[in-house]
Amino acid sequence: MAKSLSARNIIKRYGGVEALSDGNLDVHTGEVVALVGANGSGKSTMSKVINGVVVLDGGQLFLDDKPVQLSSPQSAKKLGIATVFQELSLIPQMTVAENIWLTREPMTAYGTVNRKEIDKKTNELLSLFQGTYKTDIHPHDPVASLPADEKQIIEILKAISVDPWLIILDEATASLDSRQVTRLFDLVKHWKEAGKAIVFVSHRMEEIFRIADNYSVLRNGKTVGSGKMSDINEKDLVKLMIEKESVFSFSRTGSKKPDKADKPMCLEVDGLHTTTLKGISFRVREGELVGIGGLRGQGQRDLLLSLYGAKPHSGKIKINGKESKFNHPRQAMKKGLALVPGDRAREGLLYIRSILENLLLPSWKKYGFPLKIAKAKHDAGKIAESLNLKMAGLNEPVSSLSGGNAQKVVIGKWLMRQPSLLLLNDPTKGVDVGTKAEFYSLLTNLCNEGKTILFYSSDDEELIGLCDRVLVLHDGIIRTELSGETLTKENLIAASLGISNGGAL
């Protein structure tokens, strides 16, 4: 039986800020609707309204053309609506099975939890992503032991375990590698055929055009366009989102990149081993922007953490020609290294503290004791201005910022220290296209100033468009190095899958 949900003229305020001022959305069974917009446009708020996480301040939701009130996620679940949020709702100390079935455990006739039935149902769900896990996952594995991509899969399985008719995927692919995304999209096609509806929220244009039937664009809290994906192209969709083509106006692809062959070596790595890395070696010259590619979980994070002294390792590392052995990040910081982590919520920011405090976190000593607060505020203000940080003021909490602006704070706090070698771990994950364009320009300017950048990204287009060279990791080794004419998407994907010499697929 066909079902539909409509959001009409939705208004949602947070204090004096209107997150949604005229939000509209229509979704029907058997279709995928892409909900798109820049960071801060209202996408997540719209998702939360539909899922009952937040109560709307104006407008109306309609289920099968009848007005409906959603006062909580439980009320949404009862109506067959489930959401997969980018910020995980899992409890790390609990097992995979306990997280999936929490408060909905199958019971025996004696009123006790039917653990045999739980294990059976959990294994059935886990089998949906079979072949994409790094190791076999079991119902009794603690969630805390899983890598980020597999936690995201558990979040997806938790949502679909209630057998909803409407599934909201809010940046659900941001932490997944290409195999996992492909498997998820296979499932989405199956769900469509089974008569389910899907709202798909993503910043990845390739994914939107690959999976969605229709689109709905939010800009500054208002729905500014909707229609069939077949009737719009990527550039026009972006123009609706940001009123400019900034993401397309910047790319190093096609332009001659400066030759850095005569520049001194900034970083030399020989035989680097960790529990994941199997003896990798490479060189990076001053001013180079070198990418790290490959499927997620092939050792990219280990490489960056090892260089930063945050991961036990063996092998030789030279910084500016001098052998360096970092056993703690503090030692790396003193030598001019900075690491922008991939998980800003857990590793990059103190959300309850102010923007100013976060920007100054690695640099307090620079301002003496007693603290030269006026100088600190001045420097922080200059960094915020250079990053085009959209904020009410430096004293506002970081939690008041959109995802893209919060990521600017993560980067800004390290720029305060003027690092010579910048290590970036997927820094644009979940960031809107306008902020990405600003970020790309920033990286190019830093390289032109002589900074050296080692840049891991899960976005192949970023690596191809930005980097001088790309080192592709597979199973803990550098499978190939791509540059110049060999740096193509086909070669990058082939190398990521372990195909020799970056040969075309």
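The values are calculated or read from the model by the stated rules, or taken from the named source; none is laboratory data. The model shown is predicted, which means the values in this text are computed figures rather than measured ones. Neighbour counts are summed over all protein chains in view; Cβ atoms, including those assigned to glycine, are modelled from backbone coordinates with ideal geometry.
Structure notes:
- Top-ranked residue in the range 363-411 [being buried (at least 16 other Cβ atoms within 10 Å of the Cβ) and of a type in the set (D, E, K, R); ranked as farthest from N425 (Cα to Cα)]: K377
- Breaking point among (1) touching a Phe, Trp or Tyr at 6+ places or on another chain (Cβ under 6 Å); (2) farther than 25 Å from I319 by Cα; (3) not aliphatic (A, V, I, L, M), for Y351: (1)
- Qualifying residue in the range 332-344 (condition: modelled with pLDDT of 90 or more and in a loop (DSSP other than H, G, I, E, B)): yes
- Of S41, S6, all but one fail to be part of a loop (DSSP other than H, G, I, E, B), among the polar types (S, T, N, Q) and in contact with a strand residue (DSSP E or B) (Cβ under 8 Å, 6 or more places away or on another chain); the exception is S41.
- Number of the exception - I477 against (1) of a type in the set (V, I, T); (2) at pLDDT 90 or above; (3) within 21 Å of the chain's Cα centre (by Cα): (3)
- Scope the range 80-106; condition touching a residue at least 60 places away in the same chain (Cβ under 8 Å), in a loop (DSSP other than H, G, I, E, B) and under 30 Å from T428 (Cβ atoms); matching residues: F85, Q86, E87, L88, S89, L90
- Residue match in the range 175-190 (condition: of a type in the set (K, R), crowded, with 19+ Cβ neighbours inside 10 Å, in the same structural domain as V32 (by TED's automatic domain parsing) and more than 19 Å from the chain's Cα centre (by Cα)): no
- Of all the numbered requirements in (1) farther than 20 Å from V238 by Cβ; (2) surrounded by 17 or more Cβ atoms within 10 Å (Cβ to Cβ); (3) within 24 Å of the chain's Cα centre (by Cα), V53 misses one, and that requirement is (2).
- Inclusion of I156 among residues that are modelled with pLDDT of 95 or more and touching a Ser or Thr at 6+ places or on another chain (Cβ under 6 Å) is not warranted.
- Condition met for F200 (part of a strand (DSSP E or B) and under 20 Å from the mean Cα position of the chain (by Cα)): yes
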